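FYI, it's all coordinate maths here, none of it is from the lab. Predicted model only: the values in this text are computed from it and were never measured. Virtual Cβ from ideal backbone geometry, glycine too; neighbours counted across all protein chains shown.
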Amino acid sequence: MSPAERIDVLRREIRSHDHRYFVLADPVISDPEYDMLVKELQDLESTHPDLITPDSPTQRVGGSPSSSFPVVRHPVPMLSIGNTYNDEEIRDFDRRIRDLLGPEREYAYAVELKIDGVAVSLRYENGALALGATRGDGEQGDDITANLRTIRSIPLRIAEEEPLLNNIEVRGEVYLPHEGFEALNASRAEREEPLFANPRNATAGSLKLRDPRGVAERPLQVFLYTLRFEDEAGALAARSDLDSHFQRLHWLAGKGFPTNREARRFAAIDEVIGFCHDWEERRSTLSYDIDGMVIKVDSIGLHGELGATMKSPRWAIASKFAAQRARTRLTDIRLQVGRTGVVTPVAELEPVFLAGSTISRATLHNEEEIQRKDLRVGDTVWIEKGGDVIPKVVSADLDEREEGSTPFEMPTACPVCETKLVRVGEEVAWRCGNAACPAQTQARVTHFTGRNAMDIEGFGPAVTEQILGNGLIGDVGDIYSLTREQLWTLERMGERSADNLLGGIEASKERPLDRLLFSLGIPHVGERAARQIAAHFHSIDTIGAATEGELVAVPEIGPKIAESIVSFFQNERNLKIIEKLKDAGLRMELEAPADGADSGTEYGAESGGETRALTDKIVVITGTLPNYSREEMAGRIEAAGGRVTSSVSKKTDYLVAGENAGSKLKKAQSLGVEILNEEETEALISGERSP
């Protein structure tokens, strides 16, 4: 292969990985592997400068802004930082600095934790927060000012005695602490919504929410680490101490900006390396994720003298940590049954300590994922924590595989009720079709009583298991018939606890119609769809009597959701539950506004401004989306005139790809199908982007 041909292959490969990382948030190679590709390309272009082109990945930062928000240009590009992976590479960085400055020059380094979050820029004009933006492609990003204003630790106004110091740009990293991330995923699991893979993905998805109220509900935090004055020369003349990056961190902290207090300044590179080693060992003690350390020449004046390449500053480097892995044994693969009957395989592991906690279980997602990794019971396996939080099985150590091990085969019957498992259409998931399956019943009760549904205080998993195990209820309709005497029979349920639970049950009767509709657990009906349907039909009886055609006429409700609702209300078992809820006095109607206005506004309907922009377009959805279930996104696409299918072909116009996109993404790429992320799909639906 000639140098020109190899350069072409590398460019196409790097662009593909850039798209997966920056747009799809679904990288398929590690950072070191990616850096090796870039380094090979850089070396080839250095040897053959006549082959360098303006569109080469080495000539730009990478990534692209979402089209869902106004695009703003950064006053100074937000460059990426080069990476190192061992001590010698850090020493090479120090040698380059010394060669550029000369052996007689003195300089120091500021070293900070590398926060694993989402980079943002904040601009202050006359001391007031005027603009907040994402990094985007480094040259321009998305205006997310309204969303960033919801992060309470970000000052909305600063005051400085020297007026010229009030016009600044501050950059940093938005992140989710472990506790907040786990609470967010627990809430999504309760609603059977797709879980975020790691805190970084959850942060990115949160910042791209169209409604700031939704962002405000998520416990986002930020560390700010870069300060640039609009008048740098004037600022340095007024405050000579601000020639130091380390001192600028102190200035930011003094103005109320959240900065990471673990930053240190060192004169010698050996001290820098020792500090990096120290934090690699201690990273699991933090309440947030870091993936390395950032080493910067401390003098701001030297930053200008050292300059930058097209992609990275010469005065800074990142020392990346190795992925935290552990070896253990896969002792079993068990099956979990959800409220809709989906059966999910779960790895049972010999307990092993990893990144601050003991891991004994990890989801395996589905049968296809197990087969792709060829995981077998008895295997020695490598596990990681996705984003250093979620445990996942990465691979099996084939050298350690026992003779006679057999590939995993999905059982043909439900592990709880022994009903035959089935697949619907081309779904990857296997389902138990028995609506009376005890596991499904427990999951439905958990969903019904959950915070985003009927929100019954005190009805936690342990109480649910006891109530069902003692035969006190058979379905969610029986919850409202529970008595104090029945609850007293439960273990550790005293008189006060029983009264509190009964009080929570009574209070739930006042939940609005959309919450009731969502709590019923109708397949494909999420919170948003429930709001739209309740706002349109106003009562449970009208919803139950609606035809598929009438349901599809509701904004964002597609054929799949409509078919599911009609099927639900044709089931005698479900109708009996609804009658029990009526008899208990739950709110079954939505009172229309007095002025006769469409109550869709009251329920936050956001269909205004959307178009039929996807008319006659064939769309496939794959992977986990940040803010919608696949069913909800399908409803939005169908409401915009599109047709959602389950398999990719030459006739497919778009593939909407989320995390863990899998084989459909590869097929779409091979066929040249246009690939969209969630934000790009939203832009098509709203008409902000042309098909």
Filtered trypsin sites (Lys or Arg not before Pro), the range 630-683: DSSP coil and at most 16 other beta carbons within 10 Å: LYS650, LYS651
Between ASP541 and ASP99, how many nm apart are label points set 7 Å from Cα along the C-beta direction? 8.4
Sites GLU280 and SER312, calculated FRET efficiency, Cβ-Cβ separation with R0 22 Å, nearest 0.05: 0.50
Suppose each label sits 7 Å from its Cα in the direction of the beta carbon; what would the ARG329-ARG401 distance come out to in nanometres? 1.8
Full extension between HIS250 and GLU271 adds, at 0.36 nm per residue less the Cα distance, a length in nm of 5.4 nm
Please find the FRET efficiency linking SER30 to SER287, where r is the Cβ-Cβ separation and R0 is fixed at 25 Å, and quote it to the nearest 0.05. 0.50
Length gained, LEU575-SER16, 0.36 nm per residue minus C-alpha separation, equals 196.2 nm
Quick check: pseudo-label points 7 Å beyond the Cα along Cα→Cβ at ARG423 and GLU368, how many nm apart are they? 0.8
Take every Cα pair under 8 Å in the range 325-428 that's 6+ residues apart, average their separations, divide by the length, and report that relative contact order as a whole percent. 24
Under a cut-off of 17 Å between alpha-carbon atoms, report the lysines in cross-link reach of LYS39, not counting same-chain residues fewer than 8 places apart. LYS311, LYS320
Can you say what percent of the DSSP beta bridges in the chain, counting only those with both residues inside, are antiparallel? Round to 5. 85
Take the Cβ-Cβ distance between LYS582 and GLN336 as r, set R0 to 22 Å, and report the resulting FRET efficiency rounded to the nearest 0.05. 0.10
For GLU125 and ALA322, calculate 0.36 nm times their separation in residues minus their Cα-Cα distance, and state this gained length in nm to one decimal. 66.9 nm
Can you return the aspartates and glutamates within cross-link range of LYS509? Criterion is Cα-Cα under 15 Å, with same-chain partners fewer than 8 residues away left out. ASP455, GLU457, ASP478, GLU579, ASP583, GLU589
Quick one: compute a quarter of the convex hull surface over the Cα atoms of the range 227-313 and quote it in nm². 7.3
P(r), alpha carbons of the chain - 20 Å bins starting at zero, rounded %: 15, 46, 32, 7, 0
For the range 289-364 and the range 470-489, what is the separation of their Cα centres, given in Å? 45
Give, as a single signed number, the net charge of other residues whose beta carbon lies under 11 Å from the beta carbon of VAL170, with Lys and Arg counted +1 and Asp and Glu -1. +4
With N set to the number of residues, divide the alpha-carbon radius of gyration of the range 101-142 by 2.2 N^0.38 Å and report two decimals. 1.80
Relative contact order for the chain: what percent, with Cα pairs under 8 Å and sequence separation of 6 or more? 11
Note on the range 293-450: C-alpha Rg/Rh, Kirkwood Rh, two decimals, gives 1.20
